[in-house]
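The structure appears below as structure tokens.
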Amino acid sequence: MKELQMTNVHALANPWPAANGLILGEVVLLTQTGCRVRTDQGLLSAELAASCLLQPGLGDRVALLVDGARFYLTAVLIAHDSGSQRLQVPGELVIAAASMHFDSTESLSVQTRSLELNAAAAQFQFGRFRQLALKMTVIAEKLDVTAEKIHRSAKQEFTLFHQQFERILDSKNTQADRWFQRVHKQWVARSERTTITAKKEVKIDGERIDLG
């Protein structure tokens, strides 16, 4: 009995490298949930994996992970535009570490709707400090600010201090359209020479006025 030889059976080539293998390609289109990647196997639609924090861009060299019939973009290998990169997560991002340090050689910018900082102790050192805010509330047990020059501009300012000591070595210039000061108990101004100048009128009202 002769052995029957099958001549019409061929091994089918696996279109993907291996189960749960990687496919390399180039991003050609960005979508809401992921992107489309041109690979050696053709044009594939891939979802952005949760592990890929770096947002892909057009022309980036990326790696895809195969999971059954679905493809996930797991990493950006080479960024086409190396000048600007963006880390993005769909929800809340929490970073837990014993200490954290940000080292930026040029600038650091934070853009958000609300900013909340909680610290037992805070220390700020600025070569130049510029503050632009619609509303700012500062609550501190002890606030120590030392600067060579501070320029502050505000449309409306309300300051409440339990106790304040301010020492000006050279001069202090205050310009305001309308300026109101209210002292509950006692207001004392001491100087070697005091000058009060008004273009129209000066009013002094009190139950008892002592001059001299």
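Only strands (runs of 3 or more DSSP E) wholly contained in the range 1-91 count here; list those with 3 or more residues that are modelled with pLDDT of 85 or more and either open to solvent by 70 Å² or more (accessible area, probe 1.4 Å) or among the charged types (D, E, K, R) (or both).
On the way: elements: 22-30, 34-39, 42-48, 61-67, 70-78.
Hits in the range 1-91: 22-30, 42-48, 70-78.
Does residue 148 qualify as being modelled with pLDDT of 80 or more, out of contact with any strand residue (DSSP E or B) (no Cβ under 6 Å at 6 or more places or on another chain) and either closer than 30 Å to residue 196 by Cα or of a type in the set (D, E, K, R) (or both)?
Against the criterion (modelled with pLDDT of 80 or more, out of contact with any strand residue (DSSP E or B) (no Cβ under 6 Å at 6 or more places or on another chain) and either closer than 30 Å to residue 196 by Cα or of a type in the set (D, E, K, R) (or both)), residue 148 does not qualify.
With respect to residue 107, determine if the residue is within 30 Å of residue 138 (Cβ to Cβ) and modelled with pLDDT of 85 or more. Outline the logic, then answer.
Values: within 30 Å of residue 138 (Cβ to Cβ): yes; modelled with pLDDT of 85 or more: yes.
Considered against the rule, which asks whether it is within 30 Å of residue 138 (Cβ to Cβ) and modelled with pLDDT of 85 or more, residue 107 comes out as yes.
Residues in the range 160-172: is at least one within 30 Å of residue 112 (Cβ to Cβ), in a loop (DSSP other than H, G, I, E, B) and open to solvent by 100 Å² or more (accessible area, probe 1.4 Å)? Give the steps one after another, and end with the answer.
Here is the first cut: in the range 160-172, the ones within 30 Å of residue 112 (Cβ to Cβ) are 160-161.
From the residues that got through so far, the ones that are in a loop (DSSP other than H, G, I, E, B) too are 160-161.
Pick out the ones that are also open to solvent by 100 Å² or more (accessible area, probe 1.4 Å) and you get 160-161.
So far as the range 160-172 goes, yes, one or more of its residues are within 30 Å of residue 112 (Cβ to Cβ), in a loop (DSSP other than H, G, I, E, B) and open to solvent by 100 Å² or more (accessible area, probe 1.4 Å).
Checking residue 185 against (1) modelled with pLDDT of 80 or more; (2) open to solvent by less than 100 Å² (accessible area, probe 1.4 Å), which test does it fail?
(2)
Considering the range 33-45 alone, what residues qualify as being of a type in the set (Gly, Ala, Ser) and over 22 Å from residue 82 (Cα atoms)?
Taking the range 33-45 first, the residues of a type in the set (Gly, Ala, Ser) are 34, 42, 45.
42, 45, listed by residue number.
Do you know which of the residues in the range 115-154 that are open to solvent by less than 100 Å² (accessible area, probe 1.4 Å) and not aliphatic (A, V, I, L, M) is farthest from residue 175 (Cα to Cα)?
Here is the first cut: in the range 115-154, the ones open to solvent by less than 100 Å² (accessible area, probe 1.4 Å) are 119, 121-122, 127, 131, 133, 138, 140, 145, 147, 153-154.
Among the residues that remain, those that are also not aliphatic (A, V, I, L, M) are: 127, 131, 153.
On the way: 127: 25, 131: 18, 153: 10 Å.
Taking the candidates together, the pick is 127.
Counting just the residues of the range 39-77 that are polar (S, T, N, Q) and within 29 Å of the chain's Cα centre (by Cα), which one comes out nearest to residue 25 (Cα to Cα)?
At the first step, the residues of the range 39-77 found to be polar (S, T, N, Q) are 39, 41, 45, 51, 55, 74.
Those left that are additionally within 29 Å of the chain's Cα centre (by Cα): 51, 55, 74.
On the way: 51: 18, 55: 15, 74: 12 Å.
My answer is 74.
Please enumerate the residues belonging to the range 151-174 that are closer than 25 Å to residue 187 by Cβ and within 24 Å of the chain's Cα centre (by Cα). Please lay out each step first, then the result.
Within the range 151-174, the subset closer than 25 Å to residue 187 by Cβ is 152, 154, 156-174.
Within the range 151-174, 152, 154 meet the criteria.
The values are calculated or read from the model by the stated rules, or taken from the named source; none is laboratory data. No experiment lies behind these values; they were computed from the predicted model shown. When we count neighbours, we look across all protein chains shown, and the Cβ atoms used for this are built from the backbone with ideal geometry, even at glycine. With ligands, DNA and RNA removed, areas are computed over all heavy atoms of the protein, side chains included. Shrake-Rupley method; radii C 1.70, N 1.55, O 1.52, S 1.80 Å.
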